[in-house]
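> One structure coming up, written as structure tokens, with questions to follow.
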Amino acid sequence: MAKFKDIVESPTGSKFILQGNAAFALGVVHAGYHAADGYPGTPSTEVIDRSLAHVQDKIKVGWSVNEAVAMGVATGHSVAGFDTVVTMKIPGVFQAGDPITTSAFYTGKAGALVIFAATDYVPSSTQHVIDARYFFASSRIPILEPRNHQEMYDIAWHAADISRNYNTPVVVLASGILTHSEGLITTKESREIVPRELPKKLNEWMLLPGIARANYNKATQERIPAIQQWLEKSELNIEDRGTEEWGIIVCGESDIIVREALQKIDKNPHILSLAMTYPIPKERIKEFASSVKGKLFVIEDGDQFLEEKIKLQGINVIGKEENSVITDWNPKLLIEHLSQHISINFDTKEIISEVKPVMRPPSICPGCPYKAFGLAVQKLKKQKKIYASFGDIGCSTLTYFNDAIDTVLCMGASDSMRQGFVLSRPDMAHKTISVLGDSCECHSGLDATRNAIFRNTPGVKVILDNSITAMTGGQPAPSTPVNLAGMPHKFNLERAIEAEGGRTVVANSYNLKEVETVIKDALVLAEKGEFTTLILKGECVQEVSNKMKTRTISFDYEKCINCGRCGICPGIEFDDSGKPRFTELCTNCGGNPQVCLQRCQHEAIVNIPEDQKTATKIPEFPKVQKIEKIEIQKDLLPESIRVAIRGIGGQGNLFFGKVLSEVTLLTPYADSHIVKGDTHGMAQLGGSVISTFSCGKVYSPVLAPNSVDVLVVMEISEVLRPGFLSLLKPGGTIILNKFKVIPVTAKPEDYPKFEDIESAIKNYNVIQIDANETVLNLGDVSGKTANVAVLGLLSTIKPFHIIPEEIWLSAIMSVSPNDFIKSANKAAFDAGKQLI
């Protein structure tokens, strides 16, 4: 797969399968933007992190400490004459609310100012299902909503041009469904934009109250009407004349949901599709509505913003029900909604199994530096020494499943919430704590630290310092030694906390006894009126070298009494008798003091003596020979292919989709459409994940019922997830990998029995395999190539069997980074073909 820098340099007309965020970032570069700023936040992070950060020779890029600061930095770039984008998730929009709304009423000629805000209407990784369009519209900021992956790329041009031409910030409100799925895009000719010259003075960027009022009036009565007039004939409105009497007005990502659903139910209504929802093209909508003889529907994600705007024009439309909680449409919901008003012969009844899947909450990674803290708080709660722990956003949120936090408000607010609680109940100062990560403390938590000192509020604040912004993928924070440009800086979190004036204690987050001691000591002092900040330091295990993750401990089974105290991490599992063993997920706590060893009261976990350590034997695989290019005729392929893959985080679902994408790029499907969807955000290692892939006459990464050719199940109980079996079309196939993982939070008896799972799917065409055992026999003790073995099997199953083996191997080689992995993947693929 091409690197982003190479993609940027590709010729006009090149085709790529890109994540929506990457597509937008590519558009930003090709549209000639000069600067980008932001704060990491799922589902917006990859615009900078995986994309623009890699072309810093072409654009000024940086992470700021929070969204409000990033918005200020972006505004400064714009005032300097530079076209700029600032990225954030929806909670970040409200964190940056003041500078966003203020910037809306500047009138000076500046560089483009584009706000890229990614929604999460599910929600998957935030707590916000709020429709921010009301906020932006009341600020008189134009709103663009991309409809598909190609438009994620194209929208960068539109946004910059509108901003520059009308002297206004512009919002690109991108659906999280698009930002975190992938689709086929075609590049167009890039352009260069000359920065605007500086004015003699910057007084047009002064907003005293009287000036602000006048500029608000101007934006309302001149700017927005001018944009609306332009919009009436813009290519951002797409009208498709159908054969039905009824019609649909749709906007944003709902467009591809509508088209996916209509294809499945074989309906062809008139459609007016909008990529701008503020202002709206009133006359175009009136003209369209008058041409529709039957019922007219409005389909939109979020609240009923567009519906309300259209009804204000006196147009009778059918939208969501009053008090509807639908914030993100999917094909099933849409078909059910349409069925209430028009005749549709399609059964959307969900297949419900009596056998329930095991609960699989997301968990912190094996070896995470937060584990000792979670165990210490859990123990202190049982001892009644802690009543409540006020939590925060990020990886620390996952300690909820260890009973280490009780609440979440928003980023940086854990201690301010604790302070309010303690101010009302002073007797609880030594019974409560707050907790947040180092990046959250740098984001806005420092304000609460200062407030505790200022208000003389006693208590205990815990900062889990892993020196990175971990939840969103490891972006640098002020607590990281270097910034995004790789440059060292002088900020020091410990000194910053100490400078606020309170008691500050630093401890090793992997030292279970030390962590417990410093918390207990701080609680004692809290009862005496003192405020303590505890900084528990330990590097994020995802940032540690693989060498440090090599396991250096083992079980002494002569001493082990099967007590289960070591069962705190996916790196350890138990057999039916309760006997523990290490799994391939063990990370050795990143070379730090292993927490499981500290937990064992019988010295049954011991360090492996140096003379007994053996180097991991690297299996040998035949070298991959040159693969000849081969073409396949279009008429041999079905109109479309769809597959859905379920498993748990860490099994390689993302790689599965990458291979399928590369496969179809080497077929005539590259001239139609290719879409891939993946679970992101809170689906941490061990959490339940789903990936979808479709090509041909397809539209959305969210699939309709009865549309999928093959369901792939990488962890056996995941086949039972609600709605999954309903995706399979009649005559479709299920590949069931007999691999079992019991979550740390579950008991063995919670896991469904294999014979019950078999019974639940007995009426389906099921191919049972053990891909993990297959690759283990090849020498892959980690099981990392199990997904490639499944791909080998998939290549033999209808309709994938039509695609020649050479194409499959070419695709696998293109995403394999070195010769050893290429050979290992080739061996796994060949073995998988034999599993049928």
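> Rounded to whole Hz and in sequence order, give me ³J(HN,Hα) for region 154-171 from the Karplus expression 6.51 cos²θ - 1.76 cosθ + 1.60, θ = phi - 60°, writing x for Gly and Pro.
5, 5, 4, 5, 4, 4, 5, 5, 4, 4, 6, 5, 10, 6, 8, x, 10, 9
> Ok, one more. Can you tell me the convex hull volume per residue for region 119-186, based on C-alpha atoms, in Å³ to the nearest whole number?
Spelled out: Cα convex hull of region 119-186, divided by residues, is 78 Å³.
> OK, next. Please express the Cα-Cα pair-distance distribution P(r) of the chain as a list of whole percents, one per 10 Å bin, running from 0 to the bin with the greatest distance.
Histogramming the chain at 10 Å steps yields 2, 12, 20, 24, 22, 14, 5, 1, 0 percent.
> A follow-up question, please. Specify whether the C-alpha gyration tensor of region 220-342 places it in the rounded, prolate or oblate class, a ≥ b ≥ c being the square roots of the eigenvalues: rounded for a/c under 1.5, otherwise prolate if a/b is larger than b/c and oblate if not.
Prolate is the answer for region 220-342, as a/c is 1.5 or above and a/b outweighs b/c.
> Still on this structure, please answer the following. How large is the Kirkwood hydrodynamic radius of region 701-796, counting all unique pairs of alpha carbons, in Å?
When all Cα pairs of region 701-796 are included, the Kirkwood radius is 14.4 Å.
> Residue-wise, which Karplus ³J(HN,Hα) couplings in Hz belong to region 4-16, taking 6.51 cos²θ - 1.76 cosθ + 1.60, θ = phi - 60°, and x for glycine or proline?
The phi angles translate into 4, 4, 5, 4, 4, 8, 5, x, 4, x, 5, 10, 9 Hz.
> Run the quick spin-label model on Asp57 and Asn323: label points 7 Å from Cα toward the beta carbon, then report their separation in nm to one decimal.
It is 6.1 nm.
> Out of residues 5 or more away from Ile735 or on other chains, whose amide H comes under 5 Å of its own, with H placed 1.01 Å from N in the peptide plane?
Under 5 Å from the amide H of Ile735: Leu711, Val712, Val713, Ile767.
> Remind me, what semi-axes does region 180-290 give for its equivalent ellipsoid, largest first in whole Å, using sqrt of 5 times each Cα gyration tensor eigenvalue?
Sorted largest first and rounded, they come to 38, 21, 13 Å.
> Calculate, in nm to one decimal, what Glu806 and Ala80 gain on full extension: separation in residues at 0.36 nm each, minus their alpha carbon distance.
Full extension of this stretch gives 256.0 nm more.
> Once the Cβ-Cβ distance between Ala226 and Arg191 is put in as r, and R0 is 30 Å, what FRET efficiency do you end up with, to the nearest 0.05?
Between Ala226 and Arg191 the formula returns 0.80.
> Next question, about the same structure. If you average the alpha carbon positions of region 358-429 and of region 590-604, how far apart do those two centres end up, in angstrom?
Using only Cα atoms, the two centres lie 23 Å from each other.
> Starting at the first residue of region 243-258, write each ³J(HN,Hα) from the Karplus equation 6.51 cos²θ - 1.76 cosθ + 1.60 with θ = phi - 60°, in whole Hz, x for Gly and Pro.
10, 8, 7, 9, x, 9, 9, 9, 9, x, 4, 4, 4, 6, 5, 4
> Also, quick follow-up: Thr745 versus Phe454, label points 7 Å from Cα toward the beta carbon: distance in nm?
Spacing of the two 7 Å Cα→Cβ label points: 3.6 nm.
> Alpha carbon centre of region 762-836 versus region 242-277: separation in Å?
The distance from the Cα centre of region 762-836 to that of region 242-277 comes to 38 Å.
> With viscosity set to 0.692 mPa s and temperature to 37 °C, compute the Stokes-Einstein D of region 1-132, Rh being the Kirkwood radius across alpha carbon pairs; µm²/s, no decimals.
Diffusion coefficient, whole number: 217 µm²/s.
> Additional query: Quote the convex hull volume per residue of region 407-548, based on C-alpha atoms, as a whole number of Å³.
Cα convex hull per residue, to the nearest whole number: 110 Å³.
> If you take every DSSP beta bridge whose two residues both sit in region 453-576, what share of them, in percent to the nearest 5, is antiparallel?
Beta bridges within region 453-576, antiparallel portion: roughly 15 percent.
> Accessible area per residue for the chain in Å², computed with a 1.4 Å probe and the full protein assembly in place, what is it?
42
> By a straight-distance test (C-alpha under 21 Å), which lysines pair with Lys559 as possible cross-link partners, with residues fewer than eight away in the same chain excluded?
Counting by Cα, and skipping residues close in sequence, Lys559 has these lysines nearby: Lys579, Lys613.
> How big is the C-alpha Rg of region 467-562 next to the rule-of-thumb value 2.2 N^0.38 Å, as a ratio?
The value comes to 1.44.
> At what distance in angstrom do the alpha carbon centres of region 65-128 and region 504-533 lie from each other?
Centre-to-centre (Cα) distance: 38 Å.
> With a 1.4 Å probe and all protein chains left in place, how much of the accessible area of the chain comes from carbon and sulfur atoms, in whole percent?
Answer for the chain: carbon and sulfur cover 50 percent of the accessible area.
The values are calculated or read from the model by the stated rules, or taken from the named source; none is laboratory data. Source: prediction; values computed, not measured. Positions of Cβ are generated from backbone atoms using ideal geometry, with glycine treated the same way; all protein chains shown enter the neighbour counts. Ligands, DNA and RNA are excluded from the accessible area calculation, which covers all protein heavy atoms including side chains. Shrake-Rupley method; radii C 1.70, N 1.55, O 1.52, S 1.80 Å.
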